[in-house]
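Q: Please find one structure pasted underneath; my questions will follow.
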Amino acid sequence: QLDSFPTDFLWGSASAAYQVEGAWDADGKGPSVWDNFVKIPGTTFKSSNGQVAVDHYHRYQEDVALMAEQGLKAYRFSIAWSRIFPTGKGEINQVGLEFYSNLIDELLKHDIEPIVTIYHWDLPQALQDEYQGWESRQIIEDFTTYAKLLFDTYGDRVKYWVSLNEQNVFIMHGYMMGTHPPAVRDPKRMYAANHIANLANASVIKAFREGGYSGKIGPSFAFAPAYPLDCRPENILAYENISDMSAHFWMDVYAFGRYPRIMLKNLEKMGLLPEITESDLALLKEGKPDFMGLNYYQTMTVANNPLDGVGMSGEANYTGEKGSTQESGMPGLFKMVENPYLERTNWDWTIDHQGLRVALRRIASRYDLPVLITENGLGEFDTLETDGTVHDQGRIDYLQHHCLAIQEAISDGVEVMGYCTWSFTDLLSWLNGYQKRYGFVYVDRDETSEKELTRYKKDSFYWYQEVINSNGQS
Ligand code: BGP
């Protein structure tokens, strides 16, 4: 017999500003690094961009009405920093502040709890130009000033805050793989920028505590738990390596305010250790979050990789052509291998609901923190039928299994605060364009159609409505 979901469980859904809003230069908004990055040919799938996105900026009332119809208890969205501070700091754009104020009021009017992400990757371009964004310690102060303004403006209405979304992703893609802005491929700069992002994250959480705001705050982490290929000791060691490098290296800092020592030694050996001062360590200790935000999509399986083995250069699958992901790994540490027991999506992401239970338990055991699932969902090609329906049974199956895994984790003793599916409406996928859909609500993005941007409820919309209505019993 499984435990029931708590009565105040936050059944939610999520989005991010750049992926839904559009209105990229409206009402005084300044450009972000993503506004510019997508203009470089070849950076995204078929040059898709967020200039219009799904036009949520102009249609937020319609979108919130759909959320209310579904019965959503919480909606996670992000604030575009450059709508509030067009140049990242200094003068405030009141119209930008009002937009989110109106959105928050609209949500509350329908009893939907706003979960606000302070940073979901759309750094003001001006800060990149002035001091190279995350590579300069100046960003700590500017990010904190911006966050404090949000706390002061919305803190009476917002109870849940996400500080940084997927620091591991925006830092690794931005500074090592070169696939996100600023498209750098330099591990030394990556580890330096990452340390500064850690400090900025801690500084914002510290400011939240010192300001005496009520509510809870934590980062969202992209956690893909690792499995060893088998019980050969060298594969177990590969699993230890990836766990330290891809999980503990970030979450230990959030939860304990210190880096895992194996990683420090590793970085030292490779000449990649960033400057870490005593006062940095003191600040990190003050940044303990109230919860760990978990973005869970898949697990990864690893095996031993010899010193002359495969490197990180393998192409990822951004087209939806199943099986096109190339081998990758870190020589001497690990390589990614296929898990023979798991199905994959068309983008080669493993489908593994048990992995969510594993993720939740690993966080609970190691960090003893409550978990807010801030993202989980299935990216697929969906088909809009002529009668306006979308039959996304695959998504329903996916989400149903993941809900069961959450209930099992709760029964194991994990404190799970809520579940935000990715995503509410279809939206822009950063590198995969509009063809990769996640929403409960289909958005027509056919520019030749008269019905462009019209919303259609998918089958999964009604399925989740039932789940919420029965508090996870159906
Ligand atoms: C996370 C991001 C989201 C979203 C999601 C789906 O990494 O926080 O913004 O994009 O992944 O990923 P994708 O769009 O690559 O399929």
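Q: Mind listing the Cα extents of region 26-76 along all three principal axes, in Å, largest one first?
A: Sorted from largest, the Cα extents of region 26-76 read 41, 27, 16 Å.
Q: Measuring from centroid to centroid over Cα atoms, what is the spacing of region 164-228 and region 115-143 in Å?
A: 11 Å
Q: State the Cα centre-to-centre distance between region 280-307 and region 1-59 in whole Å.
A: After rounding, the separation between the Cα centres reads 24 Å.
Q: For region 69-142, state the semi-axes of the equivalent ellipsoid (square roots of 5 times the eigenvalues of the alpha-carbon gyration tensor), sorted largest first and rounded to whole angstrom. List each step's numbers first, then the result.
A: Numbers: eigenvalues 170, 36, 13 Å².
So the three semi-axes of region 69-142 are 29, 13, 8 Å.
Q: Which percent of the accessible area of the chain is formed by carbon and sulfur heavy atoms (probe 1.4 angstrom)? Show your work: numbers first, answer last.
A: On the way: 9250 of 18820 Å².
Summing carbon and sulfur atoms, their accessible area is 49 percent of the total for the chain.
Q: Now a separate question. Between Rg and the Kirkwood Rh of region 172-311, both from Cα atoms, what is the Rg to Rh ratio?
A: Values: Rg = 16.5 Å, Rh = 16.5 Å.
Over the Cα atoms of region 172-311, Rg/Rh equals 1.00.
Q: Sort all Cα-Cα distances of region 43-171 into consecutive 5 angstrom bins from zero, then give the percent of pairs in each bin up to the one containing the longest distance.
A: Going from the shortest bin to the longest, the percentages are 2, 9, 18, 22, 20, 16, 9, 4, 1, 0.
Q: Could you work out the Kirkwood radius for region 377-445, taking every pair of different alpha carbons, averaging 1/r and inverting it, reported in Å? Could the numbers behind the result be given before it?
A: On the way: mean 1/r = 0.0746 Å⁻¹.
Computed over region 377-445, the radius equals 13.4 Å.
Q: Go ahead and run the numbers for FRET between Q473 and D129, Cβ-Cβ distance against an R0 of 60 Å, rounding to 0.05. Please list the in-between numbers first.
A: Numbers: r = 53 Å, r/R0 = 0.88.
Rounded to the nearest 0.05, the efficiency is 0.70.
Q: Another question about this same structure. Mind checking the alpha-carbon convex hull of region 267-332 and giving the volume per residue in Å³? Mind dumping the intermediate values first?
A: On the way: hull volume 11.4 nm³, N = 66.
Convex hull of Cα atoms, per residue: 173 Å³.
Q: What does the charge add up to near G28, with Lys and Arg as +1, Asp and Glu as -1, over the other residues with Cβ less than 10 Å from its Cβ?
A: Working: positive: K29, R83; negative: D25, D27, E91.
Here the charged neighbours net out to -1.
Q: If only Cα atoms are counted, what is the Rg of region 348-474, and what is its Dmax, in Å?
A: Calculated on Cα positions, Rg and Dmax stand at 16.1, 53 Å.
Q: With every atom except the alpha carbons ignored, what do you get for Rg and Dmax of the chain, in angstroms?
A: So, for the chain, Rg and Dmax equal 21.1, 63 Å respectively.
Q: For the chain, what does -39500 (n - 2.57) per DSSP helix run (n ≥ 4), summed and divided by total residues, give at 222 nm, in deg cm²/dmol to the nearest 500? Intermediate results must be reported in sequence, preceding the final value.
A: Numbers: 16 runs with 180 residues, N = 474.
Calculated mean residue ellipticity at 222 nm is -11500 deg cm²/dmol.
Q: Find the eigenvalues of the gyration tensor of the Cα atoms of region 202-262, then list the square roots of 5 times those eigenvalues as equivalent ellipsoid semi-axes, largest first, in whole angstrom. The partial results should precede the final answer.
A: Values: eigenvalues 222, 27, 8 Å².
Equivalent-ellipsoid dimensions as semi-axes: 33, 12, 6 Å.
Q: Computed over the Cα atoms of region 295-341, what is the ratio Rg over Rh, Rh following Kirkwood? Walk me through the numbers before you get to the answer.
A: Values: Rg = 11.6 Å, Rh = 11.6 Å.
Using only Cα positions, Rg/Rh for region 295-341 is 1.00.
Q: Sticking with this structure for a sec: Which number do you get for Rg(Cα) / (2.2 N^0.38 Å) in region 121-186?
A: Values: Rg = 13.6 Å, N = 66, 2.2 N^0.38 = 10.8 Å.
Its radius of gyration relative to the 2.2 N^0.38 Å reference: 1.26.
Q: Where nothing but the Cβ of Lys and Arg (+1) and of Asp and Glu (-1) is charged, how large is the charge dipole of region 180-234 around its Cα centre, in debye to the nearest 20? Provide the component values of the computation, followed by the final result.
A: On the way: 7 positive and 4 negative charges, 40 e Å.
Charge dipole, region 180-234, about its Cα centre: 200 debye, nearest 20.
Q: For region 113-176, with the dipole built from +1 on Lys and Arg beta-carbon atoms and -1 on Asp and Glu ones, taken about the Cα centre, which of N168, V158, T117 lies farthest toward the positive end?
A: Ranked along the dipole, the leading option is V158.
Q: Here's a follow-up. Mind checking Rg over Rh on region 217-297, alpha carbons, Kirkwood formula for Rh?
A: On the way: Rg = 14.4 Å, Rh = 14.1 Å.
The Rg/Rh ratio comes out at 1.02.
Q: Given a 1.4 Å probe, how much area per residue of the chain is accessible, in Å²? Please list the in-between numbers first.
A: Numbers: 18820 Å² over 474 residues.
Each residue of the chain exposes 40 Å² on average to a 1.4 Å probe.
Q: List, in the order given, every pair from K322/K436; K109/K216; K29/K451; K39/K458; K29/K148; K73/K322 whose Cα-Cα distance in the structure shown is over 24 Å. Walk me through the numbers on the way to the answer.
A: On the way: K322/K436 13 Å; K109/K216 21 Å; K29/K451 27 Å; K39/K458 32 Å; K29/K148 19 Å; K73/K322 35 Å.
The answer is K29/K451; K39/K458; K73/K322.
Q: Please give the length that would be gained between R232 and R209 if that part of the chain were fully extended, namely 0.36 nm times their separation in residues minus their C-alpha to C-alpha distance (nm, one decimal). Present the calculation step by step, with values, prior to reporting the outcome.
A: Working: separation 23, 0.36 × 23 = 8.28 nm, distance 4.63 nm.
Separation in residues times 0.36 nm, less the Cα-Cα distance, equals 3.6 nm.
Q: Quickly work out the M270-to-E327 label distance, labels modelled 7 Å from Cα along the C-beta direction, and quote it in nm with one decimal.
A: 1.9 nm
Q: Still on this structure, I have one more. Report the Stokes-Einstein translational diffusion coefficient (µm² s⁻¹, integer) for region 1-98, Rh taken as the Kirkwood radius over Cα pairs, at 25 °C with viscosity 0.890 mPa s. Before the final figure, lay out the partial values.
A: Details: Rh = 15.4 Å.
Answer, rounded: 159 µm²/s.
Q: A further question follows. What Kirkwood Rh does region 334-397 have if only Cα atoms enter the pairwise 1/r average? Answer in Å.
A: Kirkwood radius, region 334-397: 14.7 Å.
The values are calculated or read from the model by the stated rules, or taken from the named source; none is laboratory data. What you are looking at is a predicted structure, and each value in this text was computed from that prediction instead of being measured. When we count neighbours, we look across all protein chains shown, and the Cβ atoms used for this are built from the backbone with ideal geometry, even at glycine. When the accessible area is computed, the model is the full protein with side chains, heavy atoms only, and any ligands, DNA or RNA have been set aside. Shrake-Rupley method; radii C 1.70, N 1.55, O 1.52, S 1.80 Å.
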